[in-house]
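The values are calculated or read from the model by the stated rules, or taken from the named source; none is laboratory data. Predicted model, so just to flag it, every value in this text is computed and none were measured. Cβ: placed from backbone, ideal geometry, glycine included. Neighbour counts: every protein chain shown.
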Amino acid sequence: MTNNKINLPLVIIGGGGHASVLVDILQQQKKNIVAVFSQGDAHKRKIFHDIRQCHHDEDIVQFDPDEIYLINGIGKLPHSELRNRINENFLSRGYTFSKVISTSACISDGAVYAEDVQIFPNCVIQTGVCIGRNCVINSGAIIEHDCKIGDHNFISPRAVLCGNVQTGANVFIGAGAVIIQNISIGDNVVIAAGAVITSNVESGRICYSPRAIVK
C-alpha cells in the first residue's frame, strides 16, 4: 500500500456518541476528516462543528471510493443490525473502511486484526489475539492472550476476555462483563453488562447478569 493510499481523507458515517469518540481520536492524530454523514443532530455536538455535514446517501457516493476511506461511526446495541448493514452496503459499492486505533491502546505486536477494526482508548490487546472484521473494542476493554474475536463483534467498555476465549460472529459483550479463560461463544450472542461467563455459550443465547435492586 502506498503512502498516498494510507493517508487518504476520511468520511465519518454517523453523528452520535460513538462517532464523536472516533472523531476525537482521529483529530488527536491529525487525520484529515472531510465530512460527517448523519441524518440526525450531529450539528449539536461541538466536535463536529468544523467538519462538513452531509445528510443523504448521495452525499457520500459523490466521493470516489479510491480517494477516501470511510469510518463506521454507528455504535451498536444488542440485536441491532444497522452498523452491519451500513458496513456491507458501502463495501458492495467499492468503498473501504479504515481502522481507528487510539494511541493510548496497548496492543501486542503479536496481535492481528482486520483493517477496519476500532480500538478505543486504554484497551489492552495481548499477543496471539485475532480480531475479525467490523469489530469495536471499546474503552478500557482487555483482550487477553490467544483470544479469537469473530466478525461484527462489539466489546463494550471495561469488558474482560481472559485467555483463549473464542467468539463467533455478531457477538455483543456488555460493559464490565468478564469471560473466563478457554470459553467458546457462538454466533449472535448477547452478554449483558456485568455478567460473568464461566461456561460455553451456544449461538443465539442471551446471558443476563444479576441486577442491582434500587430502593
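Okay, here's what the table says:
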item: Qualifying residues in the range 124-134 (those that are free of Cβ contacts under 8 Å to residues at least 40 places away in the same chain and crowded, with 22+ Cβ neighbours inside 10 Å) - the one nearest to the chain's Cα centre (by Cα); result: Ile131
item: Matching residues, the range 5-36, being in contact with a helix residue (DSSP H, G or I) (Cβ under 7 Å, 6 or more places away or on another chain) and either part of a helix (DSSP H, G or I) or at pLDDT 90 or above (or both); result: Leu10, Val11, Ile12, Ile13, Ser20, Val23, Asp24, Ile33, Val36
item: Residue among Gly163, Gly186, Gly204 that alone is buried (at least 17 other Cβ atoms within 10 Å of the Cβ) and assigned by TED's automatic domain parsing to the domain that holds Cys135; result: Gly186
item: Selection from the range 54-68 of residues that are surrounded by 11 or more Cβ atoms within 10 Å (Cβ to Cβ) and outside any loop (DSSP other than H, G, I, E, B); result: Cys54, Asp57, Asp59, Ile60, Val61
item: Residue count for the range 102-123, restricted to those that are on the phi < 0 side of the Ramachandran plot and part of a loop (DSSP other than H, G, I, E, B); result: 15
item: Members of the range 74-113 that are of a type in the set (Ser, Thr, Tyr), surrounded by fewer than 18 Cβ atoms within 10 Å (Cβ to Cβ) and farther than 30 Å from Ile206 by Cα; result: Ser92, Thr96, Thr103, Ser104, Ser108
item: Of residues in the range 37-53 being among the hydrophobic types (A, V, I, L, M, F, W, C) and not in a loop (DSSP other than H, G, I, E, B), the one modelled with the highest pLDDT; result: Phe37
item: Residue identified as more than 23 Å from Asp151 (Cα to Cα), surrounded by 12 or more Cβ atoms within 10 Å (Cβ to Cβ) and either outside the structural domain of Asp116 (by TED's automatic domain parsing) or touching a residue at least 40 places away in the same chain (Cβ under 8 Å) (or both) among Ile25, Ile71, Ile51; result: Ile51
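This table checks each residue for (1) under 20 Å from Tyr208 (Cα atoms); (2) out of contact with any Lys or Arg (no Cβ under 8 Å at 6 or more places or on another chain); (3) part of a loop (DSSP other than H, G, I, E, B); (4) among the small types (Gly, Ala, Ser).
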| residue | (1), (2), (3), (4) |
| --- | --- |
| Asn134 | no, no, yes, no |
| Ser139 | no, no, yes, yes |
| Asp146 | no, yes, yes, no |
| Asp151 | no, no, yes, no |
| Pro157 | yes, yes, yes, no |
| Gly163 | no, yes, yes, yes |
| Ala169 | yes, yes, yes, yes |
| Ala175 | yes, no, yes, yes |
| Gln181 | yes, yes, yes, no |
